[in-house]
Every structure is written in C-alpha cells, then in structure tokens.
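Asker: Sharing a structure below in structure tokens format, with a few things to ask.
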Amino acid sequence: MKIDLTKIYNIYKGLWVALDTNLKTVISADKEALRAYNKAIQQGYKKPTMFKVPLKNLPYFGFFN
C-alpha cells in the first residue's frame, strides 16, 4: 500500500499527528504525542495511528520481502 503524505508534511512539519484508519485524514496534531493522541481519543477514535512528521522531507526507499 502506498500512502502519499505530502499534504500532511506541508501543513504539519515537526508535529505529531493522529491519523484515522485510512491513514489519510489528520484527526489531531500537537508538538507532544500524548496531547495529539488524547485529542483524537476525545473525538471518539479508539486506536489512532500516531506519526511524527519530519522537519525535512528526505527521500526514502526500502525493500520488502
């Protein structure tokens, strides 16, 4: 599965974001992971996916077996 996080990167650089189950919609964001997580829980999400948006957009590649 390929996920394009370009829009999220452009808006949320350096922040922790809580993503919904489709990994495309930001539920909440904060400088602290726990606050972003708690905001998502308060909105009714049981298991948000947490992601730290990097300050720099660097190329990445990997191999899957």
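Asker: Which residues make up the longest stretch of the chain that has no trypsin sites (Lys or Arg not before Pro) in a DSSP loop with at most 10 other Cβ atoms within 10 Å?
Answerer: Between the exposed loop sites, the longest stretch runs 3-30.
Asker: Next up: Give the lysines reachable from residue 39 as a straight Cα distance under 16 Å; neighbours fewer than 8 places away on the same chain don't count.
Answerer: Excluding near neighbours in sequence, the set is 31, 47, 52.
Asker: Now, a different point. Provide, as a two-decimal number, the C-alpha radius of gyration of the stretch 1-55 over 2.2 N^0.38 Å, N being how many residues it has.
Answerer: Output field value: 1.03.
Asker: May I ask for the angle, rounded to the nearest 10°, between helix 33-42 and the longest principal axis of the chain, with both axes built from Cα atoms and the value confined to 0 to 90°?
Answerer: For helix 33-42, the angle is close to 50 degrees.
Asker: Within straight cross-link reach of residue 46, meaning Cα distance under 16 Å, which aspartates and glutamates are found once same-chain residues fewer than 8 apart are removed?
Answerer: 20
Asker: Still on this structure, I have one more. Would you mind working out the magnitude of the charge dipole of the chain relative to its Cα centre, with +1 at each Lys and Arg C-beta and -1 at each Asp and Glu C-beta, to the nearest 20 Debye?
Answerer: Dipole magnitude for the chain comes out near 40 debye.
Asker: Also, I was wondering about something else. Accessible area per residue for the stretch 1-50 in Å², computed with a 1.4 Å probe and the full protein assembly in place, what is it? Mind dumping the intermediate values first?
Answerer: Details: 3740 Å² over 50 residues.
So the stretch 1-50 comes to 75 Å² accessible per residue, rounded to a whole number.
Asker: Carbon and sulfur atoms: what percent of the 1.4 Å accessible area of the chain do they account for?
Answerer: The nonpolar share, carbon plus sulfur, comes to 57 percent.
The values are calculated or read from the model by the stated rules, or taken from the named source; none is laboratory data. All of these numbers come straight from a predicted model, not from anything done at the bench. Note: ideal-geometry Cβ built from the backbone for every residue, glycine included; neighbour counts use all protein chains shown. Accessible surface areas use protein heavy atoms only, side chains included; no ligands, DNA or RNA. Shrake-Rupley method; radii C 1.70, N 1.55, O 1.52, S 1.80 Å.
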